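Peer 1: I am attaching a structure below and will ask some questions about it afterwards.
No lab work stands behind these numbers, since they all come straight from the coordinates. Quantities reported herein were computed from a predicted structural model and do not represent experimental measurements. Neighbour counts run over all protein chains shown; Cβ positions are idealised from the backbone, glycine included.
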Amino acid sequence: MPFFYAFFFIFVIQKNQNTMNLYTFLQQFHSGWAYLALLLLVVAVVNAIIGFTSKKEFTAKDRKIALFGLIGAHIQLLVGLILYFVSPLGLAGFSMKVTEARFISLEHPVLNIIALSLITIGWSKHKKAATSELKFKSFAIFYTLGLVLILARIPWHLWF
């Protein structure tokens with residue numbers, strides 16, 4: 001809840017100064033947070049693969065690494081969904097005939113929702129796993145699948 005208040009406060013200040021509107025703020029936040037979310041997911045995937053292949057014991061540190069990846073990705077999804085409904089390129093710009101519009105309004109959000117579902121399934125499955133090997137395996141499989149889907153639908157032409 002404190003995140004919401006901080007977000008609201010920043011929006012009200014920016015709105016009053018007439019320098020930035022909600023759409024611009026969300027777009028910049030979504031673009032900037034993507035770097036952190038991807039970094040957290042890559043670290044979680046690498047940690048899971050190393051843990052699985054080296055047969056090490058699953059510790060609280062490993063759980064926290066995976067949790068930070070999960071939280072970072074979910075914040076990115078939440079901001080992306082809000083952006084989708086306030087953006088002229090999101091729901092309002094839906095068009096199957098124009099490639100760029102289809103990518104932004106359909107392919108990018110749907111595939112990223114599927115990717116976050118896979119990541120969330122990996123988190124849920126690790127809680128039911130009895131051994132360290134199964135916990136790392138759950139993270140390695142589902143977080144990697146989610147990361148690959150996210151990387152497949154990032155609008156790279158807007159990043160570089």
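Peer 1: Which lysines, on any chain, are close to LYS55 with Cα under 30 Å apart, when same-chain ones fewer than 8 places away are left out?
Peer 2: Candidates past the 8-residue exclusion: LYS64, LYS125, LYS127, LYS128, LYS135, LYS137.
Peer 1: At MET96 and SER124, where each label point lies 7 Å from the Cα along Cα→Cβ, what is the point-to-point distance in nanometres?
Peer 2: Inter-label distance under the simple model: 3.0 nm.
Peer 1: Can you tell me which aspartates and glutamates have their Cα less than 20 Å from the Cα of LYS61? Leave out same-chain residues fewer than eight positions away.
Peer 2: GLU133
Peer 1: Moving to a separate point now. How high is the FRET efficiency from GLN27 to LYS55, r the C-beta distance, R0 45 Å, rounded to 0.05? Intermediate values should be presented prior to the final figure.
Peer 2: Details: r = 44 Å, r/R0 = 0.98.
About 0.55, to the nearest 0.05.
Peer 1: So if I place +1 on the C-beta of Lys and Arg and -1 on the C-beta of Asp and Glu, and nothing else carries charge, what would the dipole magnitude of region 33-159 be about its Cα centre? I want it in debye, nearest 20. Mind showing how you got there, number by number?
Peer 2: Working: 13 positive and 5 negative charges, 90 e Å.
Approximately 440 debye in magnitude.
Peer 1: Residue separation times 0.36 nm, minus the C-alpha to C-alpha distance between LYS64 and ALA152: what's the value?
Peer 2: Value of the extension gain: 29.1 nm.
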